[in-house]
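Down below is the structure, laid out as structure tokens.
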Amino acid sequence: MAAEVLTPLTTTNFAQLTANGVVTGSSYALVAVGFGMIIHIAHRFHIAYAAIYALMAFLAAQIQTTYGWPFVPALIVATVIGVIIAVGSERLVYSPLVRRVGDRDRALFPVFVASLGLSTAIEALINIIWPNPVTTTFGVSAIKLGPVHMTSLTVTSVITTWVAILLVAAVIRWTKLGRMIRAVRVNPSLSVDFGIKPSSMYMIVFAIGTSLGGIGAVFLAAQSAPESDMGENLVLYAITAAFIAGAASSPWVIGVLALAMGLIQSWSTFFISSTWSSFVIFAILLIFVMTKAIRAVNWGRLARGRPKYGSGLVKPAEPALAQPSPEPSAQESQQRESGVGQ
Amino acid sequence: MGGVVLSACSSGSKSGSGGSGGSTGTTKTDTKAGGTLTAAEKQTLLEMAGPSNKSFTGKGLTWKIGGAFPFSGPYQYYETIEADGLRLAAQHIPQLGGPTIDLNLQDFGSNSGVDTQKAVDASLNFHDAGNGISISGIQGALGALIPGAEKYKILNLDAGAGVGTFAGKDYYWAMRANYPMNNVTVALDYIKKTQPSARKAVVVYNSGAAYAPVLNACVAATKAAGFTVTGTTTQPIGTTDWSDAYTSIQSQNPDVILLVINGNDCAYFLKQFATSGLKQPVFTFSYSAPQQKLAGAGFEDIYVVQEDFLPATPTNEWQKIFTKYYRQEYKDQPAGPSSPFNISANYYNVGFVLWELASRVLANKGKLTDGTALQSALEDNPTFPSIFAGSGTTPAKITFDKTSHGLASCPLAVMQIKSEKPKLMAVANAQGSSGAGPLKMM
Amino acid sequence: MLETVSYIDQILIYLVFGLAANLILGYTGVLQAAPAAFGAFGGYAVVYLTSTHHWPWILAVIVGVAMALVAGFLIGLPALYLSSLWVLLLTLAVGLVIDSILSGVQTFGGDNGLQQSSSLDLFGFQLNEPTQVLPLAAVVAVIVLAVCWRIGESPYGRVLRGIRADDSAVYALGKNVYTYKLSMFVVTAGLSGLGGALLATLTNVASPTEFNYTASVEIIAIVIIGGVGNPFGTVIGSAIVVLLVPFFQDVIQVTPQTAANIQLIGYGLVLALVVLFRPSGALPEGFTISSVRSALSRRLSSGKQAKTPPISEGAAERRRARQAARNLERVGDPAPQGVVLDVRDVSKAFGGIKAVNELSMQLQGGKITALIGANGAGKTTVFNLLTGALSLDGGEVYLNGQNISGLRPDQIANLGMVRTFQDVRLFHGMTVLDNVLMGVPDQAGEHLVPLFVRIGKTRAREREAQAIARRWLEFVGLEDFADVRVEALGYGQQKLVSLARILATDARVLLLDEPASGIDYQFLDEMLDVISQLRDEGRTVCIVEHNLDVVGRLADHVYFMEVGKVTAEGNITDLTSDERLAEVYFGGGS
């Protein structure tokens, strides 16, 4: 069998792996918050997020090497291009699809498939444009905090990450824009009555979500280099964090969950081979959804004819939805379709 | 299938792609591409690497050769590195009076590993195209080419890796030292000479079931050399963030780090290494211009043990010719003193090995499309001239192992990277599965 | 040659995968995001068992398929209780976990996978070359195509399409949606296992990349591009997806190295564009050779299609026809006397808000009872509770003396109580006749075993069911619209179809949720006439209605509901003359 040796669990190692986990977890957090906003608020299963993420990293690296721009302006320009592509796919692909299907929840799968198509195409395009690796430059210096080794780059990226996430959380929590975004999340058709245009809100959500990704991508690429598939696992981790957190949760909750996943991954190397590090996250997702599924099973109903009180076939709504609802049936159909955030 | 003939373009078209010519599908050699060899160069090449039996050169014949490389996906730059060496050989051999070489290049993708279906289809394509031989990369496309090679009796030569876990598979041969075990042994010999106090080594490699056999072999080679293995540090292939690995190494507190990982992984490890707090000497076995570009100063002072080939200071005439034409032809590849890289040279070398095999088969009145005849021609005398090491117009030799189908003997060098340039420190000959000949300090 | 044959093999093998995925994704509308993952059971079983343990090929395949079936069952069992988004997530996670396990476990060779090292044969027929696999793959693909086509075109397929359109409406008609979903989930898993076994037989390799996320995306692409819910479309989808590779590689000789990536771009864009501009895929649902032929023959025989008469015409004739139809109707049980439905203290709360609070009411046999109240009083919730669409928090419901509390909607429907929906909930994408057929009980063709074993009985029962459905369409005056898709009908007509649909169930207790709301004036009489005839037949009817005029004309007894409770009962005149109630009713709404 493999002679893989695990890292022994000592205080120093624990401190270092915790720091590593915070760094990795922070890069997960940006994607989780960005992708999570898009899935939870706009209800778009925007899997092409991964490809656009990689594209932004490549663009930033290319701008730095070709034009010799500094890190930050390159990041901004790359992110702007990424945002244009993301908002463009919402405008030109997802939103027309939802309009045709007539309901954003029923359109979930068509949007998912269209997004898969976009994702495949963008990734292949990246491979055509950049057949060779592109390097980035970032003056990195070592930083030692007690027994823990970090670098100026990772410290900067962690700080930037959490500033960005808390900023987004604050905007959503306390600003007018945030209230509008929340209204659209809960009920887009109702929000129209309050003069909110869901389509504009969705585009703003795509822009914010993609920008977060841009920051993450460019920092991540600075640690190593951009790769066309660099976003794929991150988006899968993001799905895990976003859904465990639930639709109604604040961005920082999703972020903290993603951070926890980075920590769990890092700590898991004390116990199991790093081969299983992505498995750990997928298993968490599987166990979470499976538990939810098993809880949803009404075992009494499964056995024919045995009456039992409990969860019904129509899920109760989250309180936000159950507020004064003029039409009982509208309320019910909301419950039936949403399923999110229970 | 296949059938339409493309001519390779000589202008080094800037299509954003690394290679100069040949899409997937057959590529007929354009003698003008690859540059026209001078009379003196032809003389040198024929002398150093031409077929041993000058009466059978295959002149006038067209020889169809299969090639399987990752044309798409994240590892597609390997296609450039590898296939370009082969292409150059295919362009030079006819100029030297050899057969016209028809390269039938097929993609096996590299999204999340290797696209098995594409690799399998590639071997069927070779069969259909009447290829008796095929050249491949990424270890027989991680094994998916091997059943086809066996079934259709297509000799498959992989010049990018050792035989790895596929040792002894019929029709599957790998033209590198028993990589990386031989390289590890040479590295340890060098450490014993230069840093006698160093006794403890850590082996850094890919995690996962597929890589465990190689990892174990490296550990065994390290122990055999009299070192204590403090442990292993493993990360999945494709890892970009190596901080957890540094923690693992730190906790083992070894005297030296044997960095067995390849390609980008190795570059990323070294890029982040400088700020990791680790101070131990690192020996790596994978060094190339793209990696140098990725890791930049991360390679400073790192030791590299690989084929004895320094393009900046060629030791023999064959290397000079190869380097000259490779740089001329593939301008859009990462350049620098470390370009072209040993793998590209090895694929160039493969072309001449093939020519020798062809000559032997023709001498036996065999057919070039007969993989079995080609394999027995190889087994008859498994020693061939090597582009690596050697001096002047005298090439060194490589010898295949008839049991494992990897190289039993091959020239290796210990280099240290100084200011992004490799500096030759010592040479040795890899021998057997994990042994090495005496180390010659430079 | 061999490569060409291999491409044909691949088209056939991916056809098996695609057909399987189409059953669950296309027909049933369950978002199974990892159809390739179940193929790993078959693929790895074949290579591992034949190479390492020298099992015969067929045994290895059987074991592989069996494992896929078991895995499908174990995952589907809880998963199908979830809403579609969560099913998508769960299957995605299952695919990723299977992929990680394959890559991580030594026995499975990790990323290298397993290489076939022994010769394969099936009863002496070698299976080592693409040419040798071809007949096998063709036979399997044709059988699977026939099976899927049979399922799709049968009453069973009709139920699946109904589930896709609106699963709670299917439940309400007495069909156990969950069993259908689970059956299809398991069948899909098993067929995918078979596809995986064939794939590994063809490639001689079982590796994670054959069964990973990317492979699943390809299979989903096959279903979408070919046509959701059309097995013949899947043939086209499979051919397109498989042949994209050689097309870009060998036909369009694009510039160096970009070939492989251009192919991926092409494939990605095709996928996105199909979803966007041709959601029905290459061959839309219902587009089969026979449908084309019958459409052609119709056109040839009649010159042009018979124009469907506008519904407003000929109401009198229809009434007479209905009378006649009623006389033909099987003589039901005599109108039951006394209490048919007894509701005792039922309660339901949503997140602290008591929508129904210890409500009691009774339906008298052969009478029309109305439930009225202001918007938000909880009337529809009562229907949801009575029919089992929502579970009770407390209280009991007795139907004909039997305690039905806690039963599933389909069980309650089968005990003889069905409901219509306020928002109609017809099965879109299906014809009027198919909608009504969904209500007809005891259809042999709605179960998998008789569908394939008792073909004659299935056919005979389908003819009977069609006759029943047409009779009820006649009853509501929509027989001329039998072959029209429901979404083409007006709202009033749709309400009549939904009525015909529940009448077809032959249930004796009917709960009608706002039968008259939103209907044109011209249909109102028709609707009221139909409902009162139902009472005359001896059925027990309960209506939720806002239009007090309608209530007055129909109802024998009226319950008045306020915030989850019945606060008054009696006849409509008594209730409307109560000032307080009038205030609640009219004042509360605005």
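A single entry from A:75, A:97, A:55 fulfils the requirement of being in contact with a helix residue (DSSP H, G or I) (Cβ under 8 Å, 6 or more places away or on another chain), crowded, with 21+ Cβ neighbours inside 10 Å, in a helix (DSSP H, G or I) and free of Cβ contacts under 8 Å to residues at least 24 places away in the same chain: A:97.
Within the range B:155-199, take every residue that is over 13 Å from the mean Cα position of the chain (by Cα) and of a type in the set (Val, Ile, Thr) and give me the one that is surrounded by the fewest Cβ atoms within 10 Å (Cβ to Cβ). It comes out as B:194. Among the residues of the range A:152-173, those that are touching a residue at least 60 places away in the same chain (Cβ under 8 Å) and either under 25 Å from residue B:290 (Cα atoms) or among the hydrophobic types (A, V, I, L, M, F, W, C) (or both) comprise A:153, A:154, A:158, A:162, A:164, A:165, A:166, A:168, A:169, A:172. Out of the range C:77-130, which residues are more than 25 Å from residue A:113 (Cβ to Cβ), of a type outside the set (Ser, Thr, Tyr), more than 7 Å from every other protein chain (Cβ to nearest Cβ) and not in a helix (DSSP H, G or I)? Result: C:114, C:120, C:121, C:122, C:123, C:124, C:125, C:126, C:127, C:129. Restricting attention to the range A:222-243 and to residues that are among the hydroxyl-bearing types (Ser, Thr, Tyr) and more than 23 Å from residue B:295 (Cα to Cα), the residue that is farthest from the other protein chains (Cβ to nearest Cβ) turns out to be A:237.
With the structure loaded, tell me whether residue C:33 is within 11 Å of another protein chain (Cβ to nearest Cβ), out of contact with any Gly (no Cβ under 6 Å at 6 or more places or on another chain) and buried (at least 24 other Cβ atoms within 10 Å of the Cβ) or whether it fails that test. Spelling it out, residue C:33 is indeed within 11 Å of another protein chain (Cβ to nearest Cβ), out of contact with any Gly (no Cβ under 6 Å at 6 or more places or on another chain) and buried (at least 24 other Cβ atoms within 10 Å of the Cβ). Which members of the range C:392-416 meet the condition of being in contact with a Lys or Arg (Cβ under 8 Å, 6 or more places away or on another chain), crowded, with 17+ Cβ neighbours inside 10 Å and in a strand (DSSP E or B)? C:395, C:397 - these are the residues of the range C:392-416 that are in contact with a Lys or Arg (Cβ under 8 Å, 6 or more places away or on another chain), crowded, with 17+ Cβ neighbours inside 10 Å and in a strand (DSSP E or B). Checked against (1) assigned to a helix (DSSP H, G or I); (2) buried (at least 18 other Cβ atoms within 10 Å of the Cβ), residue A:104 meets all criteria but (1). When the residues of the range B:339-371 are filtered to those that are among the small types (Gly, Ala, Ser) and part of a helix (DSSP H, G or I), the one that is surrounded by the most Cβ atoms within 10 Å (Cβ to Cβ) is B:344.
The set of residues in the range A:226-270 that are in a helix (DSSP H, G or I), hydroxyl-bearing (Ser, Thr, Tyr) and under 15 Å from residue A:19 (Cα atoms) comprises A:266, A:268.
Keeping to the range B:250-264, report how many residues are more than 8 Å from chain A (Cβ to nearest Cβ) and either under 15 Å from residue B:219 (Cβ atoms) or in a loop (DSSP other than H, G, I, E, B) (or both).
10
Residues considered: C:189, C:138, C:146, C:200. Of these, the only one that is within 11 Å of chain B (Cβ to nearest Cβ) and modelled with pLDDT of 90 or more is C:200. The criterion of at least 3 residues that are within 14 Å of chain C (Cβ to nearest Cβ) and touching a residue at least 40 places away in the same chain (Cβ under 8 Å) is met, among helices (runs of 4 or more DSSP H) falling completely within the range B:34-140, by B:77-95, B:116-128. Every condition in (1) more than 9 Å from chain C (Cβ to nearest Cβ); (2) within 29 Å of residue A:243 (Cβ to Cβ); (3) surrounded by 24 or more Cβ atoms within 10 Å (Cβ to Cβ) is met by residue A:84 except one, and the failing one is (3). Scanning the range B:198-218 for residues that are in a strand (DSSP E or B) and of a type in the set (Phe, Trp, Tyr) yields a single hit, B:205.
Scoring residue B:222 on the criteria (1) in a loop (DSSP other than H, G, I, E, B); (2) touching a residue at least 24 places away in the same chain (Cβ under 8 Å) leaves a single failure, condition (1).
Could you please find all residues in the range B:280-297 being buried (at least 23 other Cβ atoms within 10 Å of the Cβ), farther than 14 Å from residue B:190 by Cβ and either of a type in the set (Phe, Trp, Tyr) or modelled with pLDDT of 90 or more (or both)? Within the range B:280-297, just B:287 meets the criteria. At least 1 residues being away from every other protein chain (no Cβ under 14 Å) and over 25 Å from the mean Cα position of the chain (by Cα) is the threshold, and among the helices (runs of 4 or more DSSP H) wholly inside the range A:110-216 those reaching it are A:188-193.
Considering only residues that are farther than 30 Å from residue A:121 by Cα and of a type in the set (A, V, I, L, M, F, W, C), which ones fall in the range B:32-74? Within the range B:32-74, B:33, B:37, B:39, B:40, B:45, B:46, B:48, B:49, B:56, B:61, B:63, B:65 meet the criteria. Against the list (1) in a helix (DSSP H, G or I); (2) within 14 Å of chain A (Cβ to nearest Cβ); (3) basic (Lys, Arg), the condition residue B:327 fails is (2).
Considering only residues of the range A:230-264 that are over 13 Å from the mean Cα position of the chain (by Cα) and closer than 21 Å to residue B:244 by Cα, which is modelled with the lowest pLDDT? Out of the qualifying residues, it is A:230. Taking each residue of the range B:422-442 that is within 26 Å of residue B:167 (Cα to Cα) and in contact (Cβ under 8 Å) with a residue 12 or more places away in the chain and looking for partners that are assigned to a loop (DSSP other than H, G, I, E, B) and among the hydroxyl-bearing types (Ser, Thr, Tyr) with beta-carbon atoms closer than 9 Å, six or more apart or interchain, yields B:430/B:179; B:433/B:404.
Specify the residue that is surrounded by the fewest Cβ atoms within 10 Å (Cβ to Cβ); the eligible residues are those in the range B:223-258 that are among the β-branched types (Val, Ile, Thr) and farther than 22 Å from residue C:111 by Cα. Once the filter is applied, the top-ranked residue is B:228.
Filter the range C:143-168 down to the residues that are among the hydroxyl-bearing types (Ser, Thr, Tyr) and part of a helix (DSSP H, G or I), then identify the one that is surrounded by the most Cβ atoms within 10 Å (Cβ to Cβ). The qualifying residue surrounded by the most Cβ atoms within 10 Å (Cβ to Cβ) is C:156. Within the range B:425-437, does at least one residue satisfy the condition of being more than 23 Å from residue B:321 (Cα to Cα), out of contact with any Cys (no Cβ under 8 Å at 6 or more places or on another chain), of a type in the set (A, V, I, L, M) and at pLDDT below 85? The answer is yes, given that some residue of the range B:425-437 is more than 23 Å from residue B:321 (Cα to Cα), out of contact with any Cys (no Cβ under 8 Å at 6 or more places or on another chain), of a type in the set (A, V, I, L, M) and at pLDDT below 85. List, please: which pairs have Cβ atoms under 9 Å, are six or more places apart or on different chains, and start with a residue in the range C:119-141 that is without any contact (Cβ under 8 Å) to a residue 24 or more places away in the chain and end with one that is part of a strand (DSSP E or B) and of a type outside the set (Asp, Glu)? Listed by first residue and then by second, the contacts come to C:119/C:126; C:132/C:125; C:132/C:126; C:135/C:125.
If you go through the range C:402-434 and keep only what is of a type in the set (Asp, Glu) and within 7 Å of another protein chain (Cβ to nearest Cβ), you end up with just C:423.
The values are calculated or read from the model by the stated rules, or taken from the named source; none is laboratory data. Predicted model only: the values in this text are computed from it and were never measured. Quick reminder, even Gly has a Cβ in these numbers, built from the backbone with ideal geometry, and neighbours come from all protein chains shown.
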